[in-house]
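Data first, discussion second: the structure below is written as structure tokens.
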Amino acid sequence: MKVSEVMHAQAVWVEADTPVRDVALRMAEMDIGAIPVGRKDRLVGMITDRDLALRVLAEKRDPQTTRADEVMSHGVIWCRTGEDVEDAIHLMDQKKVRRLPVLDDRKRLVGMLSLGDVAHGTRLHLAGELARAVAGHHP
């Protein structure tokens, strides 16, 4: 099964200079926990609800003036539409991520692959293995 068969095709992204307040509002409107960040039509990072909590709220930054690129996670891990889902799952496992931006052959964002997508679109044991792998255990 290919990533394109399982992913969410309605991927949105924000520009790197977007105020994090706008990012949070978009996340709330769409009921999502992460948004890719772009600059000049290229993927440059990912901003998650955790980034907002730890790098904006906890550090008492102003959400109106703090930009997405100031608090985003760098070094975005991504996959391609034509990859096998099992390969994407192994990548998520290795990198301990719950979401992957999905790029087409022109390296354009066309979707997102999440733990939920994997759970709904693959065999149950694969979803279970991935959930266990990316769920961090804190003593």
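Within region 25-78, the set of residues being farther than 24 Å from Met92 by Cα and β-branched (Val, Ile, Thr) comprises Val56, Thr65, Thr66.
A search for C-beta distances below 6 Å between a residue of region 51-80 that is closer than 16 Å to Asp22 by Cβ and any residue that is of a type in the set (Gly, Ala, Ser) and assigned to a loop (DSSP other than H, G, I, E, B), counting only pairs 6+ apart in sequence or on different chains, returns Ala68/Ala16; Asp69/Ala16. Among all residues of region 35-44, there is none that is among the aliphatic types (A, V, I, L, M), more than 14 Å from the chain's Cα centre (by Cα) and on the phi < 0 side of the Ramachandran plot. Select from region 13-56 the residues that are β-branched (Val, Ile, Thr) and within 15 Å of Val76 (Cβ to Cβ) and write down the one among them that is surrounded by the fewest Cβ atoms within 10 Å (Cβ to Cβ). Checking each candidate, the answer is Val44. Set side by side, the residues Ser73, Ser4 differ, and just one is polar (S, T, N, Q), more than 15 Å from Arg99 (Cβ to Cβ) and out of contact with any His (no Cβ under 6 Å at 6 or more places or on another chain), which is Ser4.
Within region 42-77, the set of residues being modelled with pLDDT under 95 and of a type in the set (Lys, Arg) comprises Arg42, Arg50.
The values are calculated or read from the model by the stated rules, or taken from the named source; none is laboratory data. What you see is a predicted model; the values in this text were computed from it and never measured. Note that each Cβ is placed from the backbone with ideal geometry, even for glycine, and that neighbours are counted across all protein chains shown.
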